[in-house]
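Novice: Sharing a structure below in C-alpha cells format, with a few things to ask.
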Amino acid sequence: MDRLQSMRVFAKVAELRSFSGAARALDLSPAVVTRLVADLEEHLGARLLNRTTRRLALTQTGELYLVRVQDVLERIEEAEQVAGDATSTPAGRLHIAVSPSFVVNQLAKHLPRFRERYPQVTLDITAVRNPDVPDEDHDLTILLEGFRPLSGDFVARLLAQSEVVLCASPSYLKRRGAPQVAEDLGDHDGLVVDLPDVPKQWKLRRNCASHAIGAAHLDDGDMQEVPMMQAVLTSSHPDTLMASAIAGLGIVALPSFVIEDAVRTGKLVRVLHEWSLVTYSVYAALPSRRYLPQRTRAFLDFLVETFGGLAQDPWLIAAGCPTAMARAQAMVTAEQAA
C-alpha cells in the first residue's frame, strides 16, 4: 500500500464528503479511491468513515486521524516548496486581497516594477472592502488598522502609516474660502465616507508632540469634535468622494494614500494642516504558516521596499505636505531648545 497516497485520498474524501467527488478532484477512478481508503482502514485497524447510501461522515477516530494527516501533508508540501525554492527563482500565482482604494491609488502603479523584477510570478488580486484579518484563501492581505486594533492569529508586517486629512479643490476654496480654524467647518459642504467603522461625526486630532514620543492614544485635550458640515454627498466609495472633491463639490477627509497624486498635482489642496482625523497603519498580513513561499516573500519585501516599512506617512511626504510625525518632532525640538 502507498500509505502517503492513501492519506491524500482519505483527506480529499473527508474534505468533499464524497468518494466520487474525491475521485474527480484527484483524477482517479471511484474504485481506486474506495480501495485506498479501505486499505488505510485495514492498515490502521480502525474505521475512519461511516458510509450510508445518503451521507458520508467521519468517525471519532477519523476526525482525530484527519487532523494529523492534514499536518503531515502540509509539512510534505512545505518540504517540497523549500527544495524547489532553493534551486529556482520566484514563480507561480500569488493571491492578494486588498481594499479597492489602496489597489487603485497605490498598488497598481507599482506592479510594473514587480513584474519586471519577477516575470515568472503572476498576480491574482481580489478587491475586499476594509479587510481586518488575512483572508485564508489568499497568500497576502493588505490591512488597515485605524479606528479599531487588529486582532487574530496571523503575521503582519508594517508597510507605512497614512493620515486621514482634509482636502478640497482650488475651485471650491476660491468660491467658499478656506477654513482657518476647525470650527469653520460648520460653514462648509462636506463629502462624507459612509462605512461601518468610520464615525459620522468628525473628531479632529491636533498633531502634537505626543506622536513623537510614541503615545499609543491621545488624551481628550488632543481631540476636538467639530461642527458637522452640510453633508452634500455620502458614499461608501472613497474614490467617488475624491472625484467629487476634485470637481469642486466640497471638503473631503480621506487617507493620504488615496489623495497623494491629487494633492501632488494640485487638483486638491490640503486644509487645516495642523489637524487630521486618524492615522491608519498599513500592514501586509499573512496567514500563520510554517513556510512562506518564495513568491510571497518576494512580494512582501517589494511592498516594504516600495512603501518604506516605517511608522511614517510616505504619501504626505511625497505630496510635499507636513506630516504629524514631522510636526511633532519639530515641537519636541523647540521645547527642548527652550
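Novice: Go through the residues of segment 1-15 one by one and say whether even a single one is polar (S, T, N, Q) and farther than 30 Å from Phe302 by Cα.
Specialist: Scanning segment 1-15 turns up at least one residue that is polar (S, T, N, Q) and farther than 30 Å from Phe302 by Cα.
Novice: Only one of Leu166, Leu123 is farther than 22 Å from Arg93 by Cα and either more than 11 Å from the chain's Cα centre (by Cα) or not assigned by TED's automatic domain parsing to the domain that holds Val258 (or both). Can you tell me which? Steps first, answer last, please.
Specialist: Values: Leu123 fails: farther than 22 Å from Arg93 by Cα.
Selected residue: Leu166, the only one of Leu166, Leu123 that is farther than 22 Å from Arg93 by Cα and either more than 11 Å from the chain's Cα centre (by Cα) or not assigned by TED's automatic domain parsing to the domain that holds Val258 (or both).
Novice: Just one of the numbered conditions (1) surrounded by 13 or more Cβ atoms within 10 Å (Cβ to Cβ); (2) over 22 Å from Leu286 (Cα atoms); (3) hydrophobic (A, V, I, L, M, F, W, C) is not true of Ala57; which one?
Specialist: Here Ala57 meets the rest and fails (1).
Novice: Go through (1) assigned to a helix (DSSP H, G or I); (2) small (Gly, Ala, Ser); (3) in contact with a Ser or Thr (Cβ under 6 Å, 6 or more places away or on another chain) for Ala25 and report which single condition fails.
Specialist: (3)
Novice: Failed condition for Ala38, given (1) surrounded by 13 or more Cβ atoms within 10 Å (Cβ to Cβ); (2) at pLDDT below 90, with all others met?
Specialist: Single failed check for Ala38: (2).
Novice: Another question about this same structure. I'm checking my understanding of the structure. Among residues of segment 238-261 that are surrounded by fewer than 21 Cβ atoms within 10 Å (Cβ to Cβ) and in contact (Cβ under 8 Å) with a residue 24 or more places away in the chain, which one is farthest from Ile317 (Cα to Cα)?
Specialist: Of the residues in segment 238-261, the ones surrounded by fewer than 21 Cβ atoms within 10 Å (Cβ to Cβ) are 239-240, 243-244, 246-249, 261.
When the remaining residues are screened for being in contact (Cβ under 8 Å) with a residue 24 or more places away in the chain, the result is 239, 244, 246-249, 261.
Details: Asp239: 21, Ser244: 24, Ile246: 20, Ala247: 24, Gly248: 24, Leu249: 26, Asp261: 12 Å.
My answer is Leu249.
Novice: If I filter segment 262-282 down to residues being more than 21 Å from Asp132 (Cα to Cα) and among the polar types (S, T, N, Q), which single residue comes out as surrounded by the fewest Cβ atoms within 10 Å (Cβ to Cβ)? Spell out how you get there, then give the answer.
Specialist: First, pick out the residues of segment 262-282 that are more than 21 Å from Asp132 (Cα to Cα): 262-276.
Remaining after also requiring among the polar types (S, T, N, Q): 265, 276.
Working: Thr265: 10, Ser276: 23.
It comes out as Thr265.
Novice: Within segment 118-169, considering only strands (runs of 3 or more DSSP E) that don't extend past its boundaries, which have at least 3 residues that are in contact (Cβ under 8 Å) with a residue 40 or more places away in the chain?
Specialist: 140-145, 154-168
Novice: Taking segment 273-316 only, how many residues are at pLDDT below 90 and assigned to a loop (DSSP other than H, G, I, E, B)?
Specialist: Result for segment 273-316: 10.
Novice: Given the structure, is Arg75 part of a helix (DSSP H, G or I), surrounded by fewer than 14 Cβ atoms within 10 Å (Cβ to Cβ) and of a type in the set (Lys, Arg)?
Specialist: Answer is yes for this residue.
The values are calculated or read from the model by the stated rules, or taken from the named source; none is laboratory data. All values derive from a computational prediction rather than experimental measurement. Don't worry about glycine lacking a Cβ; one is built from the backbone with ideal geometry, like all the others, and counts go over all protein chains shown.
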